[in-house]
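Structure first, commentary second.
Please treat every number below as a calculation from the coordinates, not as lab data. Note that the coordinates shown come from a computational prediction; the quantities given were computed from them, not determined experimentally. No Cβ is skipped: glycine too gets one built from the backbone with ideal geometry, and neighbour counts run over all protein chains shown.
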């Protein structure tokens, strides 16, 4: 294939290769061909190229990086080829992650906490698998710093794995402070209901707390947050 045609072909896939050398162009073309053989089609490439352009750079290698990453999903997670592809589409960085130093240790850590169904492609599972253990541990340490044991802290995160994706200062700490200082509730309540951290402080937690406080009503966190707005405000007028 002529170089100009290769550049045009890659451009149509959303891959910018205008400044690449002939060797790099053929390298990128090899990567595209490999991914297509694994179930990726033209509509997937713009996302891969925009989210993780390194996939198509000279630093990627089919045999050393890309193939092992895709094989990980079938060997370690019993994922089908389509499921492996879906994981990559959800989080393209997974494709250039080290199996031995990233994906497999993280999977072992998450499974050790008791988190199940990690082989099902979802936005949460994809990003959990792409998170280094140290970042996962930072969330557990945050709860330990509040006085909870490691087992209690890890158990909370296992029951609500989305916690691993929340920022400590932007999410967890403000919600703990609101719970303790404004709502006058013990940490025991979030230990029992860690999904508390999944709700918006400004749009859900605070408005509902104030609504109940004005009426002298106190109910468990689960009841306070799980109901839809319509049902909540109809039930506690």
**OP:** Sort segment 1-128 into rounded, prolate or oblate with this rule: let a ≥ b ≥ c be the square roots of the eigenvalues of the Cα gyration tensor; rounded if a/c is under 1.5, and if a/c is not under 1.5, prolate when a/b is larger than b/c, oblate otherwise.
**Re:** prolate
Subject >> Principal-axis tilt of helix 81-90 within the chain, Cα atoms, nearest 10 degrees >> reply: 70
Original post:
Classify segment 60-106: rounded, prolate or oblate, from the alpha-carbon gyration tensor (a ≥ b ≥ c, eigenvalue square roots; a/c under 1.5 rounded; otherwise prolate if a/b is larger than b/c)?
Top reply: rounded
Original post:
Going by how many other beta carbons lie within 10 Å of each one, how would you line up 18, 30, fewest first?
Top reply: 18, 30
**OP:** With a Förster radius of 30 Å, plug the Cβ-Cβ distance of residue 111 and residue 38 into 1/(1 + (r/R0)^6) and report the FRET value to the nearest 0.05.
**Re:** 0.75
Original post:
If each residue's Cβ is checked for other Cβ atoms within 10 Å, how do 33, 61 rank with the fewest at the top?
Top reply: 33, 61
**OP:** Could you work out how far helix 133-145 tilts from the main Cα principal axis of the chain, as a 0 to 90 degree angle to the nearest 10?
**Re:** 10
Original post:
Label residue 152 and residue 62 with points 7 Å out from Cα along Cα→Cβ: what is the distance between them in nm?
Top reply: 5.4
Original post:
So what does the Cα-only Debye profile of segment 133-235 read at q = 0.13 Å⁻¹, as log10 I(q)/I(0), no solvent term?
Top reply: -0.46
Original post:
Going by average Cβ neighbours within 10 Å, how do the peptides 161-168, 117-124 rank, with the highest at the top?
Top reply: 161-168, 117-124
Subject >> On Cα atoms only, tilt of 22-37 relative to the major axis of the chain in degrees >> reply: 60
Original post:
Quick one: Cα centre-to-centre distance for segment 113-177 and segment 17-90, in angstrom?
Top reply: 29
Original post:
Rounded to two decimals, what ratio of Rg to Rh does the chain give with C-alpha atoms and a Kirkwood Rh?
Top reply: 1.11
**OP:** Starting with the fewest neighbours, write out 90, 210, 95 ranked by other beta-carbon atoms found within 10 Å of each beta-carbon.
**Re:** 210, 90, 95
